[in-house]
Structure formats: structure tokens, C-alpha cells
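A short write-up of the structure that comes next.
The values are calculated or read from the model by the stated rules, or taken from the named source; none is laboratory data. Please read these numbers as outputs of a predicted model, since none were measured by experiment. Every residue, glycine among them, receives a Cβ derived from its backbone with ideal geometry; neighbour counts consider all protein chains shown.
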Amino acid sequence: MSQVTREELKVAAERAVLVHVRLPDSYDEEGDPFRELRALTATAGAEVVGELIQKRRKPRGRTYLGKGKVEELAQLAKATGATLVIFDNDLSPAQVRSLEEVVERKIIDRSELILDIFANRATTHAAKLQVEIAQLEYTFPRLRAMWDHLGQVVGGAPVGIGTRGPGEQQLEIDRRIVQRRLSQLKRELNEIQARRTRAVEQRNLDHFTVGLVGYTNAGKSTLFNRLTEGGAFAHGKLFATLGTRIERWELGGGNAAMLSDTVGFIRDLPHHLVASFRSTLEETIFAQLLILVVDISDPAAAMQLETVEATLDEIGASDQPRLLVFNKVDQLADSNDLLVWLNRHPDGLPISAARGEGLEELTEAVRTHALGPIREVTFAVPLREGETVDYLEKRASVLERDYDATTVKLRVRIGQRQVDQLLTRGGRFTIDGRPPREAMAELWPPAATPPPRRVPLHERFHS
Ligand SMILES: Nc1nc2c(ncn2[C@@H]2O[C@H](COP(=O)(O)OP(=O)(O)OP(=O)(O)O)[C@@H](O)[C@H]2O)c(=O)[nH]1
Ligand SMILES: [Mg+2]
């Protein structure tokens, strides 16, 4: 590719040909196999000038595509004035090199494209660190392959998709320096990670915590903003959110939860990216309740839900109760679609985050989770236990009050988790005339509500 100069690789000038190789086990997007890749390409800021598809039983070793198809690709790239070819499939560094030799264009794969988007979006120190690690591990070997035979490209850092971001100054330097840089970054990230783990554990003690999770573009940030007036960045582009935001969510009746919004998931999320984004994800996925947001107006919604569930399991967030939310019901092409979804998941809650519909039901469902099973009981509290009386008056619904000189008796409807909280705070009282633990064992028999399995976070992540 002797004629390519750095000037032609400018971001704004990036013109991309998309390639999709359909393998027997690859995800089959009905009708339009390029839909998601096109959206990712647009998010990265490139223009799609051509598309090429091939069905194969397995990838061809050296070039992934068949021999004839590679030629076809080279011609298509030339005819359309493409500067870049983006594969929907992941390529090995050797495949990138072989393809670039024939096609004479920069070749990147889906993982690199996603990394590039992350690199552009990263604003916080932690996010930049995480992206740089992933880039050094994934993109660097591929860039070396490319620059090796692009020997005439001189000076400065490479530009264009797949080469941008916080790691760009490092990409042209020696492998040994890269290794050193990597260990330094990882050390720094480990420190952040340990600090965050402690913060998450503390928050889970102090509050009821709820995490929003879902495929990218499902509407998590829009919902977050609705519920908390939180001001998260919501946008019709993929990966609008890269950091985690946490805000207070008023559940009514004096109860609140801490709600967090984080990075969206995507199918085939690059392995290195998942690894390095763990500490960001951790703030959300280890909340006491997860809200899974699905955009059911998306034709690929079923695959997206599957991806989210698989990713959660993979990263160790499989213990928390989950609440399924069907978002964007206002945008459904066919209202029967909602019935189909409800049929499959009778517990799913239909909402429209954009229009603010269904949010009361959602809040109610979360309140039920936060409070635990409700019972009607009589508390006897010494009057000097002002805090306990205060808590009951504000947080439980009081049905009757009966004061004498030293004690107040309150008939209340109260949730198991609230009584737990009172005990954790060291409150002294009786329930139905008995010591609280004894009364609780009967009111909420352990068999009916198994205690959540509590594996310390650092054991799940830092083993
Ligand atoms: N029609 C409709 N559009 C919605 C609804 N909720 C969100 N959107 C739109 O969907 C797009 C994505 O919304 P976000 O809230 O940014 O999605 P997200 O899940 O936070 O996305 P990431 O941060 O990329 O993971 C935006 O253009 C929103 O306006 C809804 O209920 N109905
Ligand atoms: Mg978001």
C-alpha cells in the first residue's frame, strides 16, 4: 500500500467498507446483517461507502474471506474511495496483515472499532486508564502488523479509527516499553479498583442499592434521569455512557435507594475491554437489585437480552435479584410485540422512559424489593429510643399509637428489610411483646426468604 500517506487517514476523511462473514454459528440479524456494525461505524464518526457479505462454513485461515472475495473487496475499496475496511468478525493480527497486503487499506475488526469508540468517549481518569490498557493489549499487536509494512509512514502518532485515544502516543514505541507501561497502568487501575470495591461494600451497607444494566442504547440513562433528575448523558449513539453515575432515587414513604447507571453491554464485547472495565461495572452490577432494561422496539431485542444475561453471569453478577423492564413501548411497530414479550416474561414491566410511562409501577416494584415482605406487628419502644420511633413514624405505616410514661406502642405495617435495618443500627425494642430476633424468626421464617448469598466482592473479582 505504498501510496497511502498519513494525510489520507484523517478521522474526518475516514470512508469505510463494511465486511460481514456469516458463519454457521454467527448471530443472524433478520433482514439486515449490517445494522449494528453500521451504527457502531457512525458512532465512531466514519462514513459507510460500501458493504460486502460472504457466507462461509469457516473462516479461511490467512485472509478470513475466500480468495475471490478478497479480490472483490480490494476492488470495492478502490471503487468507493474507501480508506478503511471494518470487519464484523474478529481477526488475528496475521489476518489483518494479509488482508492489508491485498486490499491496500487499513483493516480493523469489530473489537477495535468498539475500542476506538470507547477511546473517544472516555473522559474520566479511570475510563482513560481502562481504555488504554485494553488498547495496548488488543490494538497494539495489530497496529504493529500494519505499520511494519507501512514503513514509509513517518513521524508522530497514527491517526484515524483504531488508532486514536489515550493510548495513541504509545502505539509506535517499542514493545518492551509497552509492557512496562502496561504494568504501570494495571497497578494504577488495581488501586482504583480496590478503592471502589470498598466504596461499593460500604454503600450496600448504608443504602438499598439498585443498578441499571442493559444493552447499549436500551435507554438506561434516560430512565436514570427520569427517576433521579440525575443529568446522565443520554444519546442516540452507542456507548453514550462510559462511567458510572449514582444518585438518590426517592421510592416514596420516606424510602430511598441509591441508583446507578453505567456502561452498556454489546454482543462479543472485546474481552480486554470487559476485563479492564470491571471496576466501572462493579459499581452497578453488585447492587442489591438489578434492573435489566431491554429496548423491546429493537428487532434484535431478544439477542440483546441474552447478551446482557450472559455477560452478567460471566462477570460474576449472578446472585442479585433482577427486575426486567421493557422500554420504548411507545415506539413499538406492532402492539402485539408487547404481548409476545409479556408471554415470555410475565414479570416484565412495560415502560417508556422517554415519556415517563410505567415508572410508578416500576418504583412500586422496587420499593417491594427494598422493604422485603410486609407484616403487621406491634413495636414496643422505650421513649428514649428517639431514633427508632422516628424511623417507624417516617418509614413504616403506623396504624395505631399508644403512649405511656416510658414506652410507646406502635402498630405498624413494616418490611423485613426495615426491621433488619433497625437492628443493624442497634435499636432496642420488642415486637409483639418478644425479643426482636425471636419474633422475626416466626414472622419471616428463613425458609420462605433465603438470605442472599454474600460473597465478598474482592473474592469475586480479585482472586
Ligand atoms: N422512543 C423512545 N426512545 C427512548 C426511550 N428511552 C430512551 N430512548 C432513546 O434511546 C436513545 C438511547 O438512550 P440512552 O438513555 O442514552 O441509552 P443507554 O442505555 O444509556 O445507552 P448507553 O449509555 O450507550 O449504554 C436516546 O436517543 C433516547 O432518547 C423510550 O422510552 N422511547
Ligand atoms: Mg447511557
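Is it true that some residue in segment 66-81 is out of contact with any strand residue (DSSP E or B) (no Cβ under 6 Å at 6 or more places or on another chain), assigned to a loop (DSSP other than H, G, I, E, B) and among the polar types (S, T, N, Q)?
no
Enumerate the strands (runs of 3 or more DSSP E) found wholly within segment 301-415, keeping only those where 1 or more residues are within 16 Å of ligand 2 (Cβ to nearest atom).
322-327
For Thr216, all conditions in the list (1) of a type in the set (S, T, N, Q); (2) over 13 Å from the mean Cα position of the chain (by Cα); (3) within 11 Å of ligand 1 (Cβ to nearest atom) hold save one; what is the number of the exception?
All conditions pass for Thr216, except number (2).
State the number of residues belonging to segment 238-251 that are among the charged types (D, E, K, R) and either within 10 Å of ligand 2 (Cβ to nearest atom) or in contact with a Gly (Cβ under 6 Å, 6 or more places away or on another chain) (or both).
To start, the set of residues in segment 238-251 that are among the charged types (D, E, K, R) comprises 245, 247-248, 250.
Still in the running and either within 10 Å of ligand 2 (Cβ to nearest atom) or in contact with a Gly (Cβ under 6 Å, 6 or more places away or on another chain) (or both): 245, 247.
Looking only at that region, the number is 2.
Among the β-branched types (Val, Ile, Thr) and closer than 30 Å to Leu332 by Cα: which single residue out of Thr209, Thr284, Thr280 fits that description?
Numbers: Thr209 fails: closer than 30 Å to Leu332 by Cα; Thr280 fails: closer than 30 Å to Leu332 by Cα.
Checking each option against the conditions leaves just Thr284.
Quick grid of which residues meet (1) under 19 Å from Lys237 (Cβ atoms); (2) surrounded by 22 or more Cβ atoms within 10 Å (Cβ to Cβ); (3) among the aliphatic types (A, V, I, L, M):
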position: Ala77; (1), (2), (3): no, yes, yes
position: Thr80; (1), (2), (3): no, no, no
position: Phe87; (1), (2), (3): no, yes, no
position: Asp90; (1), (2), (3): no, no, no
position: Ala94; (1), (2), (3): no, no, yes
position: Leu99; (1), (2), (3): no, yes, yes
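Working only within segment 30-84, note down all residues that are within 23 Å of Ala300 (Cβ to Cβ) and among the aromatic types (Phe, Trp, Tyr).
Phe34
When the residues of segment 252-269 are narrowed to those that are part of a strand (DSSP E or B) and crowded, with 21+ Cβ neighbours inside 10 Å, which ends up farthest from ligand 2 (Cβ to nearest atom)?
Narrowing segment 252-269 to residues part of a strand (DSSP E or B): 252, 255-261, 265.
Among the residues that remain, those that are also crowded, with 21+ Cβ neighbours inside 10 Å are: 257, 259-261, 265.
Numbers: Ala257: 19, Leu259: 13, Ser260: 11, Asp261: 6, Phe265: 11 Å.
Checked segment 252-269; the qualifying residue farthest from ligand 2 (Cβ to nearest atom) is Ala257.
Out of segment 173-229, which residues are at positive phi and modelled with pLDDT under 85?
Glu229 - this is the single residue of segment 173-229 that is at positive phi and modelled with pLDDT under 85.
Would you mind telling me which numbered condition in (1) at pLDDT below 90; (2) touching a His at 6+ places or on another chain (Cβ under 9 Å); (3) not charged (D, E, K, R) Leu37 fails?
With respect to (1) at pLDDT below 90; (2) touching a His at 6+ places or on another chain (Cβ under 9 Å); (3) not charged (D, E, K, R), Leu37 is out only on (1).
Which members of segment 186-236 meet the condition of being touching a residue at least 40 places away in the same chain (Cβ under 8 Å), near ligand 2 (Cβ under 10 Å from one of its atoms) and assigned to a loop (DSSP other than H, G, I, E, B)?
Across segment 186-236, the qualifying residues are Thr216, Asn217, Ala218, Gly219.
For the condition assigned by TED's automatic domain parsing to the domain that holds Val263, of a type in the set (A, V, I, L, M, F, W, C), surrounded by fewer than 16 Cβ atoms within 10 Å (Cβ to Cβ) and within 21 Å of Ile266 (Cα to Cα), what is the one hit in Ala310, Ala353, Ala317, Ala333?
The unique qualifying residue is Ala310.
Just the residues that are in a helix (DSSP H, G or I) and either out of contact with any Asp or Glu (no Cβ under 9 Å at 6 or more places or on another chain) or modelled with pLDDT of 80 or more (or both), please, taken from segment 275-292.
Selection gives Arg278, Ser279, Thr280, Leu281, Glu282, Glu283, Thr284, Ile285.
Just for segment 101-123: of the residues that are assigned to a loop (DSSP other than H, G, I, E, B) and of a type outside the set (D, E, K, R), which one is surrounded by the fewest Cβ atoms within 10 Å (Cβ to Cβ)? Please lay out each step first, then the result.
Narrowing segment 101-123 to residues assigned to a loop (DSSP other than H, G, I, E, B): 104-105, 122-123.
If we keep only those that are of a type outside the set (D, E, K, R) too, we end up with 122-123.
Working: Ala122: 19, Thr123: 11.
The selected residue is Thr123.
Might you let me know whether segment 242-260 holds any residue that is near ligand 1 (Cβ under 7 Å from one of its atoms) and either within 17 Å of Ala354 (Cα to Cα) or at pLDDT below 90 (or both)?
So far as segment 242-260 goes, no, none of its residues is near ligand 1 (Cβ under 7 Å from one of its atoms) and either within 17 Å of Ala354 (Cα to Cα) or at pLDDT below 90 (or both).
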